[in-house]
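The values are calculated or read from the model by the stated rules, or taken from the named source; none is laboratory data. Because the structure is a prediction, the values reported are computed rather than measured. Quick reminder, even Gly has a Cβ in these numbers, built from the backbone with ideal geometry, and neighbours come from all protein chains shown. For accessibility, only protein heavy atoms count, side chains too; no ligands or nucleic acids. Shrake-Rupley method; radii C 1.70, N 1.55, O 1.52, S 1.80 Å.
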Amino acid sequence: MDPYTPGSLAVQDREGVRDLADHVGRSIGNGIRPVAAAFLEAQPMLMLGTADAEARVWSTLLTGTPGFVRATGPHTVSVAAALPEGTPDGAPVGTLALDPRTRRRMRLNGTARTSRRGFTIEAEQVFSNCPKYLQKREWYGSDPTGSEAGTARRGEALTPDQTRRIRAADTFFIATAAPDGLDTSHRGGNPGFVRVDTPRELSWHDYPGNSMFLTLGNLEEDGRAGLLFLDWETGQTLQLSGLAHTEYGPGGRVTRFRVDRTIDTPAGSPLRWSPPEYSPANPTLWRPS
């Protein structure tokens, strides 16, 4: 069974990497191997892509004591957290488990159902990605007072402070919608790699990766996307939901995102991380014409 959507196949053909993508795609399975189960259980955070009741796509950070995410069978994961508000029971989800300490990451996509512990995911796609563009960070621990730092603020455009934080970011997470599910991926680079063109428009250069083009393929067919920016040292999170598309030109691929909704949460994460050791793969900053 082909692991790629028609959108991903179209981008692979456009970029001339179908043979390479076919080779890399053999790593995509639906089983959770022991090494993957051990990796999940060691993580204090999980990025979750969902669509709400209005079909908007969001990327959400879930956190807990290591073990809050654990494999309970060869195709099932249990998460000790609640699904984001508005997520229907039995909905498709896309997850990304990332360990900044080791620059390792894995993606697991499937169907989520509520459970006594929180929710479970029946895995349909499980695979690892390379460490490219991952900034290395050490986990300092958790701030037990973080939940008292403030409530979420909602909006429809970026504020000056949010603009400043995005321009200083070296990492964000992006959830996208496929015809048969969702996917969550990572984007990284040196600070400034994400541009804020207007209070409702962002853009970034799409750096060379594994040639799967799962994210760009989803944008080719659907366009809905959710971005998550995390302040690693304070725990503040900024979630954006909107529409995105990718432009292809002689200078490379540029993805443009239009903001429809924002959620800014001062206490989004209790986790505290060190300043980054930047990835040696990070390109120098781009300047589009």
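Taking 17 Å as the cut-off, the amide N atoms of the range 66-81 that come nearer than this to a point 7 Å along the Cα-to-beta-carbon line of THR114 belong to 79-81. Considering the range 1-75 at the alpha-carbon level, its Rg and Dmax are found to be 16.4, 43 Å.
Backbone geometry of the range 69-83 corresponds, through the Karplus equation with coefficients 6.51, -1.76 and 1.60 at θ = phi - 60°, to 3J(HN,Hα) couplings of 10, 8, 6, 10, x, x, 9, 10, 10, 10, 10, 8, 7, 8, 5 Hz, x marking Gly and Pro. For percent of Cα pairs over 32 Å apart, which listed value, [x] 18; [y] 38; [z] 13, comes from the coordinates shown? Matching the structure shown: [x].
Per residue, how big is the convex hull of the range 69-217 when only Cα atoms are used? Give it in Å³. Write down the numbers at each step before the final one.
Numbers: hull volume 23.9 nm³, N = 149.
Considering the Cα atoms of the range 69-217, their hull volume per residue is 160 Å³.
Test of understanding: what is the full-extension gain from LEU20 to ALA81, defined as 0.36 nm times their sequence separation minus their Cα-Cα distance?
Values: separation 61, 0.36 × 61 = 21.96 nm, distance 3.74 nm.
Full extension from LEU20 to ALA81 adds 18.2 nm.
What FRET efficiency comes out for GLU138 versus ASP180 if R0 is 25 angstrom and r is the Cβ-Cβ distance? Round to the nearest 0.05. Intermediate results must be reported in sequence, preceding the final value.
On the way: r = 38 Å, r/R0 = 1.52.
My answer for the efficiency is 0.10.
When only C-alpha pairs under 8 Å and at least 6 residues apart count, what is the relative contact order of the range 121-199, in percent? Kindly include the intermediate steps, with their values, before the conclusion.
Numbers: 59 pairs, mean separation 24.2, N = 79.
Taking the mean separation of contacting Cα pairs over the length of the range 121-199, I get 31 percent.
The accessible surface of the chain, taken with every protein chain in place and a 1.4 Å probe, is 51 percent carbon and sulfur. Per residue, the average separation of C-alpha pairs within less than 8 Å and at least 6 apart gives the chain a relative contact order of 22 percent. Note on the range 17-136: the alpha carbon radius of gyration divided by the globular reference 2.2 N^0.38 Å gives 1.05. Could you provide, to the nearest whole Å², the per residue accessible area of the chain with probe 1.4 Å? I get 44 Å² per residue for the chain.
When the scattering of the range 153-230 is computed by the Debye formula from its Cα atoms alone, each counted once and equally, what is log10 I(q)/I(0) at q = 0.13, 0.14, 0.21, 0.25 Å⁻¹? Debye intensities relative to I(0), on a log10 scale: -0.42, -0.49, -1.04, -1.30.
Mind grabbing the base-10 log of I(q)/I(0) for the range 244-289 at q = 0.23, 0.28, 0.33 Å⁻¹? Debye formula, identical points on the C-alpha positions, no solvent, two decimal places. Here the Debye-derived log intensity ratios amount to -0.97, -1.02, -1.20. Treating r as the C-beta distance of TYR278 and ASP13 and R0 as 25 Å, the FRET efficiency rounds to 0.15. When all protein chains stay in place and ligands, DNA and RNA are ignored, the 1.4 Å accessible-area order of ARG187, ARG116, largest first, is ARG116, ARG187.
Normalising by the residue count of the range 223-289, find the relative contact order in percent from Cα pairs under 8 Å and 6+ residues apart. Averaging sequence separation for qualifying contacts and normalising by length gives 31 percent for the range 223-289.
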